[in-house]
Amino acid sequence: MIPGKPDEKLSLAVWAPTSDSVAYVVGNNVKIRHLDDKTTTDVTKDGNKDLFYGIPDWVYEEEVFQGAQALWWSENGKHLAFLRTNESKVPEYPLQYFVSRPSGEYPPEELENYPELDFIKYPKAGAPNPVVDLQFFDLNKKEVFSVSIKDDFPDNDRLITEVVWAGAEQVLIRETNRESDLLRMILIDVTTRTGKVVRELNVAELDGGWFEVVCHKAMPCSGAYSDLSSRNIQDISPQIRKRAERNPDILTL
C-alpha cells in the first residue's frame with residue numbers, strides 16, 4: 001500500500017466504490033492511494049496521538065460506531081467524508097494488565113501479581129468528551145473542506161452517531177447532544193458545500209427519554225443508513241425518499 005514501506009502498519013483501508021482508489025489511515029492521518037497512476041495523496045497531515053482522522057477514538061469505536069471505521073466514500077468516488085476527533089482534553093484512565101501486557105515482556109518470577117500500567121483517554125460522566133466534526137475531501141480539486149451548519153450543536157455538546165451518503169453529492173448526518181435527548185438530522189450537499197438541519201426531534205419534551213445508538217443487523221452503523229423516519233422525508237434527497245416510499249419499514253428511529 002505504501003511505496004517503499006511494505007511493513008508499514010495501517011489502521012484502516014477502504015476501497016472506493018469505483019475500485020480505482022483506496023483510502024487508508026496511517027499515523028492517524030488519511031491518505032488516498034490512486035491505482036491508475038500509482039500516486040498517493042496526503043489528505044491530512046497533522047494527525048497525532050490526540051487528533052484522529054478517519055478512525056474513531058476508543059469511545060466512538062466501542063460506544064457509537066461499533067467498529068474502527070470513520071470515513072465514508074461517496075457513491076461516485078469523487079468525495080470522501082471523514083471524522084476528525086480531538087481528544088486532547090479527555091482525561092486519561094489507568095488500565096492494569098496482568099497477562100497480555102503492552103510491553104510484551106513477562107514480569108520476573110514472583111512479580112506476576114503486579115500489573116503493568118497503561119493509560120487510555122476515557123471520558124467518565126461529566127468529564128470532557130472528544131470533540132468531533134465531519135470533514136470532506138474533493139478528489140478533483142484536492143481540497144479538504146467542512147460545511148458550517150446553522151443551529152448545529154456546539155463542539156462540546158455534539159455526538160455524531162451516523163454518517164451515510166445519499167447518492168453521489170449529498171450526505172446525511174445524525175447528531176445528538178451529549179444527553180442524547182435532542183436529535184438533529186443534517187443534510188449536506190458537497191457540490192454547493194451547503195447544509196441544513198432537515199429534522200429535529202426533542203424526546204426530552206415528548207416523554208423525558210433519550211436516544212440510543214442502534215445498529216441494524218443488515219445495516220451496521222459503520223456507513224449504512226438506519227435512522228430516518230418515513231413520516232418526514234419531504235426535505236430529504238430523492239434517493240432516500242424513493243427508498244422510503246418503496247419500503248417505509250427500513251427507516252426507523
Find the centroid of the Cα atoms in region 35-57 and in region 3-32, then give the distance between the two in whole Å. 8
Gap separating the Cα centres of region 133-173 and region 101-121, nearest whole Å: 41
With label points built 7 Å along Cα→Cβ from the Cα atoms of residue 145 and residue 213, find their separation and express it in nm. 2.9
Quick note, region 45-138: a/c under 1.5 would make it rounded; otherwise a/b > b/c is prolate and the rest oblate (a ≥ b ≥ c, C-alpha gyration tensor); here it is prolate
If you add up the charges near residue 12, with Lys and Arg at +1 and Asp and Glu at -1, over every other residue whose beta carbon is less than 12 angstrom from its beta carbon, what do you get? +1
Run the numbers for residue 193 and residue 10: contour at 0.36 nm per residue of separation, minus the present Cα-Cα distance, in nm. 62.9 nm
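Taken together, the values in this text are just the output of simple stated rules run on the coordinates, not laboratory data. Every value quoted in this text rests on a predicted model; they were computed, and no experiment measured them. In this analysis, Cβ positions are derived from the backbone assuming ideal geometry, glycine residues included, and neighbour counts consider all displayed protein chains.
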